[in-house]
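Quick notes on the structure that follows.
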Amino acid sequence: MEKAESEKKASSVSDVGAWAMNVTSSVGIIMANKQLMSSSGFAFTFATTLTGFHFALTALVGMVSNATGLSASKHVPLWELLCFSLVANTSIAAMNFSLMLNSVGFYQISKLSMIPVVCVMEWILHNKHYSREVKASVMVVVVGVGICTVTDVKVNAKGFICACTAIFSTSLQQISIGSLQKKYSIGSFELLSKTAPIQALSLLIFGPFVDYFLSGRFITTYKMTYGAIFCILLSCALAVFCNISQYLCIGRFSATSFQVLGHMKTVCVLTLGWLIFDSEMTFKNIAGMFLAVVGMVIYSWAVELDKQRQTKATPHGKNSMTEDEIRLLKEGIEHMNLEDMELGDVKS
């Protein structure tokens, strides 16, 4: 009993650590990129290529880890890695196009709509159901973040198509991370080390052309400075932690939980923007952030309540055999060679 409680406590600490790493690295990378890409900073407007740099460093870290034996490499079919990388890169490109073609308000609404989309996709793909408490808490989070982030909302046909593509591909990518980890019993870092090289190569090849379409400039025309190089390196270093922690969080929680709790980063970014960059902080922003945090607290409570209900419904679930285990046991008995069975002699 004490061992089970200590393991549960250690798991909770690991969950908090993974989430803290994701929030810290995500907020840090947003701050670094703001300085790198803003006109008042270094005006490096090549977001897709920068993402290619991020995955290149992540792939390098993965290769070094595998070479030194710090992590083990498990087999995942190449076609599944290619499909996942295609979805992930589509998400990155579509997000950039959506931000370019849509107003900030509509872009924020499209990001908020990922929560219900992920819920529906998990229901369709994995037959996952949600309690009324979870649904209500999700709505509170969506409304809260919407109040503090959504301003003007202007919609156009091209922007709407890009936003829909971004929502669908991002939701599918986040669900796929958890599915691949469970399907192949592979760790988050091992999976990331397999997908990062594919994403890095494709983004570095096609990224400059996507950025040219977005900004009208090729990266070769950009004049590098020591300050810009430092920000790029800092952004890449933070991206490694951000990528690893994202895979860790989705592997430990779910795509829905990742989306809901992910809006804590939005609250942190708004607060830091007000403290560091003198961004405007209105009563509307404060009220929205407060409501979003309340929604996240309620969501955490609702998820824990669901777990308790499932535990009460199946008190002996851990000791019972699954249908697959029963089938394998029957097959094993039917195919067992009786001559290979060891008969125990009674010894005096």
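The values are calculated or read from the model by the stated rules, or taken from the named source; none is laboratory data. Keep in mind the model is a prediction, meaning the values are calculated, not measured. Glycine gets a Cβ as well: all are built from the backbone with ideal geometry, and neighbour counts include every protein chain shown. All accessible areas refer to the heavy atoms of the entire protein, side chains included, with ligands and DNA or RNA removed. Shrake-Rupley method; radii C 1.70, N 1.55, O 1.52, S 1.80 Å.
For the condition modelled with pLDDT under 75 and under 18 Å from the mean Cα position of the chain (by Cα), what is the one hit in L86, L81, L112?
The match here is L112.
Does at least one position in the range 141-159 carry a residue that is modelled with pLDDT of 80 or more and open to solvent by less than 70 Å² (accessible area, probe 1.4 Å)?
The answer is yes, given that some residue of the range 141-159 is modelled with pLDDT of 80 or more and open to solvent by less than 70 Å² (accessible area, probe 1.4 Å).
Report, ordered by the first and then the second residue, all pairs with beta carbons closer than 9 Å, sequence separation of six or more or different chains, a first member in the range 113-134 that is over 18 Å from S169 (Cβ atoms), and a second member that is of a type in the set (D, E) and open to solvent by 20 Å² or more (accessible area, probe 1.4 Å).
Y130/D306; S131/D306; E133/D306; V134/D306
Can you name every residue in the range 109-139 that is within 28 Å of F290 (Cβ to Cβ) and open to solvent by less than 40 Å² (accessible area, probe 1.4 Å)?
Passing the criteria: S110, L112, S113, M114, I115, V118, C119, S131, V134, S137, V138.
Could you tell me which residue of the range 68-81 is farthest from L203 (Cα to Cα), considering only residues that are open to solvent by less than 90 Å² (accessible area, probe 1.4 Å) and assigned to a helix (DSSP H, G or I)?
Among residues in the range 68-81 that are open to solvent by less than 90 Å² (accessible area, probe 1.4 Å) and assigned to a helix (DSSP H, G or I), the one farthest from L203 (Cα to Cα) is E80.
I'd like the full set of residues that are surrounded by fewer than 13 Cβ atoms within 10 Å (Cβ to Cβ), polar (S, T, N, Q) and part of a helix (DSSP H, G or I), limited to the range 194-234.
T220, T221
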